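The values are calculated or read from the model by the stated rules, or taken from the named source; none is laboratory data. Here the structure is a predicted model, which is why all the values come from computation and not from measurement. Please note: Cβ atoms are built from the backbone with ideal geometry, for glycine as well, and neighbour counts cover all protein chains shown. For accessibility, only protein heavy atoms count, side chains too; no ligands or nucleic acids. Shrake-Rupley method; radii C 1.70, N 1.55, O 1.52, S 1.80 Å.
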Amino acid sequence: MKLVIVAAAVVLLIFLIVKVKLNTFISLIVTSFLTALALGIPLAKIPDIITSGMGDQLGDLAIVFGLGSMIGKLVSDSGGGYRIAHTLIDNFGKKRIQIAVILASFIVGLALFFEVGLVVLLPIIFVIADELGLPLLVLAIPMAATLNVMHGFIPPHPAPTAIAGILHADLGQVILLGIIVAIPTVIVSGPIFNHFLHKWYPQVYRIQKSIPGLGKVKEFKLEETPSFVKSVITAMMPVILIGISTILKYWLPNNSFNKAIQFIGNADVAMLLSLILAIFTMGIGQKIPMKQIGATLESAITQIAVMLFIIGGGGAFKQVLVEGGISNYISSLFANTNMSPIFAAWLITAILRVSLGSSTVAALTAAGLVVPMIAQTGVDPVLMVLAIGAGSIFADHVNDAGFWMIKEYFGLTLKETFLSWTTLTSVISLTGLISVYALSLFV
């Protein structure tokens, strides 16, 4: 009976979002209330469960997510992202142009969310493709694949950061092991997939003279943008600080120096220090007035406000499932099978992703369902975070905004978008899962 309730809740959520066109946050809250009633949770407890689910979720995420968005906005608006991409592409040349695009997307993708990174990098690779006489998709596929991988696997992006909090996984280890998983995933879904798609479906590789749907693109003079080194260090600083503290945590004795390093490497502290650095390197150092810097920071918060509410709603839905006993029930079902907890986490997330469209909502819901598996099986929670991240990328299609962005920007028909982009995201997801399995042999 409980599985029927979960299935009905997911169907209701899909119906409200896709058919009724109701706001995703409201859909999540409505679904949470109705699911709680169906699960027999006492009426008086439901508001507290919803509130605590939202509060716990946003409490773990808001600072990292908010400060990360501000850093990314500063890097973008100052021309730092433009400098990174332009420098790498200039130095790699035409033969290794895809490698340059991947590296640029990898660095920019650490600071910017998928949609923002796409808007920042697309005009740059369009100009390069036009100058080299290449079809836009030759460069766009490795760029979009890399940005998508970063968005799904690497904190401070919202889903992996939130999942790490739910599963009590060490954020530093998620970053380090996430990068290890990301490398083969990007190679397979970028250049290798590009090669085979060009061979099997060449009609999507067209020379484009414009970027449909992008609107006015902010233009930069290269000499007025921050230096390459400054831009790279600023974009990567959160990962540098958290990564160093994670590595030294196991190498240094538990003394005052190590405690100071761990404090600096705390996700909240690392993001705050990185933002202060970004204000100087991407703002004051570029002679940008503080008033304009303040407007940029405010704009960054405005852009993520809706996402924060959706994440909070996902946390509320997750808490209802936990309090209603669904999490333990589903975990017990998987405990009685021979299915690997890593595969189970991926499969649950992939099904939710295809159904709901939002990778973040799918990941948060799945994380709430698989929590007991960790205690029952002893699987490393970091591996579960990465497995859920891989599942959250699976088969992007018409119920996700990213699908339509790709269709419009790359000038594709609906059929072409399915055969190229939906296939690509499926390849990313499956390759990520295989990479997590490979990693599990060594950790």
Spatially proximal lysines relative to Lys19 (Cα-Cα < 24 Å; intrachain offsets below 8 disregarded): Lys318, Lys407, Lys415
Residue among Val229, Leu275, Asn255 farthest towards the positive dipole end of the range 167-300, charges placed on Cβ: Val229
Selected from Leu110, Thr423, Gly315, residue furthest toward positive end of dipole (the chain; charges at beta carbon): Thr423
Answer label for Kirkwood radius over Cα pairs in Å (calculated), chosen among [x] 24.5; [y] 22.3; [z] 23.7: [y]
Peptide ranges 33-40, 345-352 listed from the most packed, as the mean C-beta count within 10 angstrom indicates: 345-352, 33-40
Separation of the Phe280 and Ala8 label points, Cα + 7 Å toward Cβ, nm: 5.9 nm
Listed residues Ser274, Ser256, Ser105, most fluctuating in the chain (Gaussian network, C-alpha, under 10 Å): Ser256
Lys199-Leu272 pseudo-label distance in nm [points 7 Å out on the Cα-to-Cβ vector]: 5.3 nm
Accessible-area value, Val229, 1.4 Å probe, nucleic acids and ligands omitted, Å²: 90 Å²
Modelled FRET efficiency - R0 22 Å, Lys415 with Val18, Cβ distances, 0.05 increments: 0.60
Exposure ranking of Ile288, Ile192, Ile89 by accessible area [1.4 Å probe, largest first]: Ile192, Ile288, Ile89
Per residue accessible area in Å² of the range 346-443, where ligands, DNA and RNA are left out and the probe is 1.4 Å: 31 Å²
Charge dipole (debye, nearest 20) of the range 291-443; +1 at Cβ of Lys and Arg, -1 at Cβ of Asp and Glu: 20 debye
Candidate residues Leu364, Leu134: accessible-area rank, largest first, probe 1.4 Å: Leu134, Leu364
Mean ellipticity per residue at 222 nm, deg cm²/dmol - from DSSP H runs of n ≥ 4 across the chain, formula -39500 (n - 2.57): -24500 deg cm²/dmol
Accessible area in square angstrom per residue, the range 1-107, 1.4 angstrom probe: 46 Å²
Mean Cβ neighbour count within 10 Å, used as a protection proxy, ranking 292-298, 203-209, 239-245 highest first: 239-245, 292-298, 203-209
Exposure rank, largest accessible area first [Lys73, Lys21; 1.4 Å]: Lys21, Lys73
